[in-house]
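To start, the structure itself, in structure tokens.
The values are calculated or read from the model by the stated rules, or taken from the named source; none is laboratory data. Nothing here was measured: the structure is a model prediction, and the numbers come from that model. We place every Cβ from the backbone using ideal geometry, glycine too, and count neighbours over all the protein chains shown.
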Amino acid sequence: MRPLPVYLSAEEWIARHMPPDDYFFAWQVAPTVICGRHQDVASEVDLHFCAEHGIDVYRRKSGGGAVFADCNNIMFSHIAPAAAVQDAFSDYTSRVVAALRALGLDAEASGRNDILVGGKKVAGNAYYKCNDRSIVHGTMLYDTDAALMGGALTPARAKLESHKVVSVPSRITTVRSHLPELTLEAFMEHMLAYICDGDIRLPDEAASEIENISRPYFVETFGNESISRVHAERVAGAGTVVAETVLSPEGIIKYVRLSGDFFALPPFDAAMARLSGVRHAAADIAAALGPEPIMAGIDNAALAACIAASTTVIESN
């Protein structure tokens with residue numbers, strides 16, 4: 001069982017080097033919290049609890065929220081030719097839902113990126129683009145340690161209230177709770193056999209290249225992360241958006257950081273870079289962001305209003 005960055009890097013290697021096609025694989029990790037690309041980790045994860053209980057914490061390149069995984073979960077990855085974010089999710093979730101229903105489970109896709117069984121979440125998924133390929137990956141809760149999950153994840157209260165629940169474990173279910181006689185090994189075999197039509201072995205040279213890709217994942221540490229949360233909004237269809245803005249004394253944007261469990265679209269980085277030097281007003285921000293959406297589920301005008309609503313921190317230097 002390898003650390004999470006190895007498997008995320010394998011996804012990237014496949015997206016960059018394998019012929020255009022659909023690729024699907026399953027993997028497992030030791031207890032790990034996997035944070036979304038834009039998340040304020042300190043508000044979503046109890047880092048002290050994770051350190052005390054030997055839970056690794058990594059940030060992935062896809063958007064969405066923090067998830068907990070351990071050896072009772074199965075992680076799935078689907079690499080396919082590029083598609084719009086919701087199309088990529090639909091393609092992936094329809095395959096997984098069909099495989100779960102073949103076991104007799106009452107499975108359905110829900111919201112942007114979740115899969116439910118019996119009305120509760122059994123899988124959460126995230127998306128990003130790499131080398132003009134779509135990558136969708138996520139957790140599948142065969143079983144889980146609810147105490148570790150509940151202790152490691154500390155989601156924002158607004159997010160929990162939007163789901164009308166009081167804790168993380170109350171939102172989830174597991175395959176094992178519905179099919180107690182089905183072993184983890186048999187479940188994984190079923191899912192792969194149902195979704196895949198053959199096996200592919202990566203070439204030997206892939207191993208060293210995957211190791212090189214994985215190195216940046218190990219660099220970021222969250223213990224010293226200090227984020228001043230200045231404006232948070234729960235946007236229906238997009239997720240939580242937290243805007244932190246640093247201004248000059250003249251009211252000109254020096255820096256904007258957006259965090260949350262949203263899914264960024266490819267123009268995101270370039271558009272955010274254009275905000276430096278812009279007046280801190282919704283119209284100016286929207287003009288700098290441009291017409292092409294940079295976040296799934298919210299247009300740039302609404303996003304600009306969110307950024308403009310942020311309480312500001314004035315720097316004199």
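Numbers below:
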{"item": "Of all residues in the stretch 247-261 being assigned to a strand (DSSP E or B) and not hydroxyl-bearing (Ser, Thr, Tyr), the one that is modelled with the lowest pLDDT", "result": "Leu247"}
{"item": "Residue in the stretch 10-29 that is of a type in the set (Val, Ile, Thr), part of a loop (DSSP other than H, G, I, E, B) and under 19 Å from Thr144 (Cβ atoms) present", "result": "yes"}
{"item": "Cross-chain or 6+ apart pairs with Cβ under 9 Å, the stretch 176-191 first and aromatic (Phe, Trp, Tyr), then not in a loop (DSSP other than H, G, I, E, B)", "result": "Phe187/Ile74; Phe187/Met140; Phe187/Val175; Phe187/Arg176"}
{"item": "Some residue of the stretch 102-112 being among the polar types (S, T, N, Q) and surrounded by fewer than 23 Cβ atoms within 10 Å (Cβ to Cβ)", "result": "yes"}
{"item": "Residue tally, condition part of a loop (DSSP other than H, G, I, E, B) and in contact with a Phe, Trp or Tyr (Cβ under 7 Å, 6 or more places away or on another chain), over the stretch 116-157", "result": "1"}
{"item": "Residue selected from the stretch 296-317 under the condition closer than 16 Å to Glu244 by Cβ and in contact with a Leu (Cβ under 9 Å, 6 or more places away or on another chain), by the criterion modelled with the lowest pLDDT", "result": "Glu315"}
{"item": "Among (1) within 11 Å of Ala243 (Cβ to Cβ); (2) at pLDDT below 95 - the single one Ile285 does not satisfy", "result": "(2)"}
